[in-house]
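To keep things clear, I will list the structure first and then write my remarks on it.
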Amino acid sequence: MANSNRKPILLDFEKPLVELESRIDQIRQLANENGVDVSEEIQQLEARASQLRQEIFSGLSPLQRLQLARHPRRPSTLDYIQAITDEWMELHGDRRGYDDPALVGGVARLGGQPVVILGHQKGRDTKDNVARNFGMAAPGGYRKAMRLMEHANRFGMPIITFIDTPGAWAGVDAEKLGQGEAIAYNLREMFDLEVPIICTVIGEGGSGGALGIGVGEKLLMLEHSVYTVATPEACAAILWKDAGQAPQAAQALKITSKDLKQLGIIDEVVPEPEGGAHSNPLKAAELLKKALLQSLGELLALTSGQRQTMRYQKFRNIGIFAEVKV
């Protein structure tokens, strides 16, 4: 989670800002070497950089937000767990012979409250991503998640899930092992759990792979995360037989946190630091923890029956529309 001296990975729309910040650093260094006072000029350039950063990140297109959600340095489930919890113990296995590294979970303390936390886990580099299957969980991963949620329900611990996957693993072996059944079972059982459930999209929330741990009374989204029934590339390939139409698909799918809040799909948008969560992971974790504790306090004040009704009504209301006669 700590900032490092690694070479930054730049997205196309970030380059003008990085170039300006690099120029400021060069001017500051030259001024120090030559004993010249350019503080006023640097202050003006820094104000321009701040303005440019705000302009860039407030006007991102849906496809650009998807790029941010997929950023290799974006904090992952284990990063957030490390930053926001007081204690953490990872639990393994679905008790049927599998321990899926693409979906992690365990018991923790959040603000002194015992909780069960689980979520998708992507890798940091190619080797790690291959080991984690790029965050695409197999049936064993969803069965492990359900085992942990049943454990939480048995001992009265709230459940917190972090969603960050392009979708469930769609391989032949996954289908042989019952991928559809594992996700469907989770959907049914999560509606019946008595403890509070808070789900947060921290990166890319894709299709049934996201929904398999996404049923709860509260659904939060980080500001630059996305949540969609299918990736824009897949949607474009299906509708137009051309993945190059992804920008049009991303616009039509309404994948951003702002759009989904307006549509009533999510409950709260959690702000990110300027430049995205990867620019200041510790600040991003601080903002996420604050939102989780607030939602947790609200849900713990309700009875289990009220929470179950709230959870049920939330999903029953999705997709309701009204016809307007002209």
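The values are calculated or read from the model by the stated rules, or taken from the named source; none is laboratory data. Worth saying up front: this structure is predicted, and the values here are computed from it rather than measured. FYI the Cβ positions are ideal-geometry reconstructions off the backbone, even for glycines, and counts take in every protein chain you see. Protein only, heavy atoms only, side chains kept; ligands, DNA and RNA dropped before computing areas. Shrake-Rupley method; radii C 1.70, N 1.55, O 1.52, S 1.80 Å.
Quick look at the numbers
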| read-out | value |
| --- | --- |
| Residue list for segment 141-171, filter: farther than 22 Å from LEU220 by Cα and at pLDDT below 95 | TRP169, ALA170, GLY171 |
| Filter result (over 21 Å from MET89 (Cβ atoms) and either free of Cβ contacts under 8 Å to residues at least 40 places away in the same chain or surrounded by fewer than 21 Cβ atoms within 10 Å (Cβ to Cβ) (or both)) within segment 114-130 | GLY123, ARG124, ASP125, THR126, LYS127, ASP128, ASN129, VAL130 |
| Contacts under 6 angstrom Cβ, first residue in segment 291-304 being farther than 19 Å from PRO271 by Cβ, partner of a type in the set (Asp, Glu), 6 or more apart | LEU299/GLU217; SER304/GLU194 |
| Residue match in segment 70-79 (condition: farther than 30 Å from LEU20 by Cα and either of a type in the set (A, V, I, L, M) or surrounded by fewer than 20 Cβ atoms within 10 Å (Cβ to Cβ) (or both)) | yes |
| Looking only at segment 288-298, and only at residues there that are open to solvent by less than 50 Å² (accessible area, probe 1.4 Å) and in contact with a helix residue (DSSP H, G or I) (Cβ under 9 Å, 6 or more places away or on another chain), the one that is nearest to LYS218 (Cα to Cα) | LEU292 |
| Filter result (open to solvent by less than 60 Å² (accessible area, probe 1.4 Å) and of a type outside the set (Ser, Thr, Tyr)) within segment 80-89 | ILE81, ALA83, ILE84 |
| Where a residue in segment 253-276 is part of a loop (DSSP other than H, G, I, E, B) and its partner, wherever it lies, is open to solvent by 10 Å² or more (accessible area, probe 1.4 Å) and of a type in the set (Val, Ile, Thr), with Cβ under 7 Å and at least six apart | ILE255/THR228; ILE265/ILE318 |
| Residue in segment 136-154 that is open to solvent by less than 50 Å² (accessible area, probe 1.4 Å), within 18 Å of the chain's Cα centre (by Cα) and among the basic types (Lys, Arg) present | no |
| Residue ID - surrounded by the fewest Cβ atoms within 10 Å (Cβ to Cβ), chosen from residues in segment 11-68 that are basic (Lys, Arg) and touching a residue at least 60 places away in the same chain (Cβ under 8 Å) | ARG53 |
| Which numbered condition GLU194 misses (of (1) over 24 Å from GLY105 (Cα atoms); (2) surrounded by fewer than 23 Cβ atoms within 10 Å (Cβ to Cβ)) | (1) |
| Hey, SER207 within 20 Å of ALA102 (Cα to Cα), small (Gly, Ala, Ser) and open to solvent by 40 Å² or more (accessible area, probe 1.4 Å) or not | yes |
| Matching residues in segment 301-323 - criterion: being among the hydrophobic types (A, V, I, L, M, F, W, C), open to solvent by less than 80 Å² (accessible area, probe 1.4 Å) and out of contact with any helix residue (DSSP H, G or I) (no Cβ under 9 Å at 6 or more places or on another chain) | ILE318 |
| Any chance ALA252 is of a type in the set (Gly, Ala, Ser), over 23 Å from ARG311 (Cβ atoms) and open to solvent by 60 Å² or more (accessible area, probe 1.4 Å) | yes |
| Test: ALA174 is assigned to a helix (DSSP H, G or I) and crowded, with 23+ Cβ neighbours inside 10 Å | no |
| Qualifying residue in segment 224-239 (condition: farther than 30 Å from SER61 by Cβ and either basic (Lys, Arg) or outside any helix (DSSP H, G or I) (or both)) | no |
| Check on ALA182, more than 28 Å from LYS290 (Cα to Cα), open to solvent by less than 10 Å² (accessible area, probe 1.4 Å) and either outside any loop (DSSP other than H, G, I, E, B) or out of contact with any strand residue (DSSP E or B) (no Cβ under 9 Å at 6 or more places or on another chain) (or both) | yes |
| Close pairs (9 angstrom Cβ cut-off, 6 or more residues apart or separate chains): farther than 23 Å from LEU68 by Cα and of a type outside the set (A, V, I, L, M, F, W, C) in segment 149-177, open to solvent by 10 Å² or more (accessible area, probe 1.4 Å) and in a strand (DSSP E or B) anywhere | HIS151/VAL107; GLY156/PRO114; PRO158/GLN113; PRO158/PRO114 |
